[in-house]
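Notes follow once the structure below has been shown.
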Amino acid sequence: MLRRMIGNDVLLQLELGEGLPPVCADVGQLTQVFMNLAVNARDAMPLGGTLGIETSRLTLPPDDAKRLEVQAGDAVRIVVWDTGAGMDAVTMHRIFEPFFTTKEVGKGSGLGLATVYGIIKQSGGAIVVESQPGEGARFAITIPAADAKVDWPQPPAAVGSSTGAESILLIEDDHDVRNVTARALRASGFTVIECPSGEDAIARALDPTLHVDVLVSDVALPGMSGPAAVQRILQMRPSLPVLFVSGYPRNELDRHGLTGSDVHFLEKPVSLSELTDAVRRLADHGSH
Ligand SMILES: Nc1ncnc2c1ncn2[C@@H]1O[C@H](COP(=O)(O)OP(=O)(O)O)[C@@H](O)[C@H]1O
Ligand SMILES: [Mg+2]
């Protein structure tokens, strides 16, 4: 999957350790970590280069563990490095902030590394970056080994009180945001129908065989606005619960007369877990 993502001009160099201890983390989320780091590396190497991934086992001494805020002892180290443009100290200090991006409008969402950071923290781990302009970048992730004696947490209830296969129609024009959002929803057990525009969503909703449980929409879209598209879809499917996710104030919606019964609103910045929780509530509610 990574090779396809990075394209032909970037060489993928893997150095994977053997006999690594297991870690306790969500597979879907870790996949997202690798994807986000690889996409960033690719973006930093428009003329090609090398993306390296290394995994190894290590024993964290108490000092290092304290500094990293990670449990001491056995751990797994994952290093993702590239030979790209690198970054200066000012940029480096801000890269984990949600919505921080140095990419032009429409290219970057600034959500990749914020997501990575959240996932690694949630897994009890740490992520440290090293870089210099022109010298590439190196992201070192440390995740403590899972303690075999500890009760393994049950995997998140992807199959919820309802079927867990509820369908979400997602309208979001930004490719990266849509991707990240769809992945998070799928990791929570939803089926996601991705629509890059309101027009596209309306076309999908016209198909009577398409089952939809919750509509999730951005507000500002090029072309038809989110509220305008939602209004049309609600004409066809009046009982569909709607969740708007937007950086715009709520009264944008009032203007469209959309504050109806089952229209809900989340104001950006929204964490992926807040979003999936909100969708889960609407999906459960709607199916009862
Ligand atoms: N491998 C890398 N090399 C150089 N700069 C990077 C790298 N990874 C991330 N960055 C910097 O961090 C910023 C934030 O990254 P990210 O959160 O993934 O958002 P986005 O990729 O949408 O800009 C990027 O805009 C870029 O400036
Ligand atoms: Mg990114």
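What follows draws every value from the coordinates through simple rules; no lab data is involved. Since the model is a prediction, treat every value here as computed from it, not as a measurement. We place every Cβ from the backbone using ideal geometry, glycine too, and count neighbours over all the protein chains shown.
Evaluate E = 1/(1 + (r/R0)^6) for ASP147 and ARG67, where r is the Cβ-Cβ distance and R0 equals 25 Å; express this FRET efficiency to the nearest 0.05.
It comes out at approximately 0.75.
Could you please state, rounded to a whole Å, how far the C-alpha centre of region 113-146 is from the C-alpha centre of region 40-57?
With region 113-146 and region 40-57 each reduced to a Cα centre, they are spaced 14 Å.
Using 7 Å Cα-to-Cβ label points, what is the ASP277/LEU47 separation (nm, one decimal)?
Going from the ASP277 label point to the LEU47 one covers 4.7 nm.
Report the local net charge at MET45: Lys and Arg +1, Asp and Glu -1, summed over other residues whose C-beta lies under 9 Å from its C-beta.
-2
Tell me the angle of helix 27-43 to the major Cα principal axis of the chain, expressed in degrees between 0 and 90 and rounded to the nearest ten.
The two axes meet at around 80 degrees.
Suppose R0 equals 35 Å. What FRET efficiency, 1/(1 + (r/R0)^6) with r the Cβ-Cβ distance, do THR209 and GLU104 give to the nearest 0.05?
Result of the calculation: an efficiency of 0.30.
Could you bin all the Cα-Cα distances of region 167-286 into 10 Å bins starting at 0 and give me the percent of pairs in each, rounded to whole numbers?
The percentages, shortest bin first, are 14, 53, 32, 1.
If we count every other residue with Cβ under 14 angstrom of VAL105's Cβ, Lys/Arg +1 and Asp/Glu -1, where does the sum land?
-2
Can you tell me the order of 49-57, 15-23, 264-272, 197-205 when each peptide is scored by its average per-residue count of other Cβ atoms within 10 angstrom, highest first?
197-205, 49-57, 264-272, 15-23
Give the Kirkwood hydrodynamic radius (Å, one decimal) of the chain, defined as one over the mean of 1/r across all pairs of different Cα atoms.
Kirkwood hydrodynamic radius for the chain: 20.8 Å.
Two decimals, Cα atoms only, Kirkwood Rh: what is Rg/Rh over region 1-45?
1.03
Compute for region 2-144: radius of gyration divided by Kirkwood radius, i.e. Rg/Rh, restricted to C-alpha atoms, rounded to two decimals.
0.96
Only counting other Cβ atoms within 10 Å, I'd like THR101, THR181, THR91 sorted with the fewest neighbours first.
The order, fewest Cβ neighbours first, is THR91, THR101, THR181.
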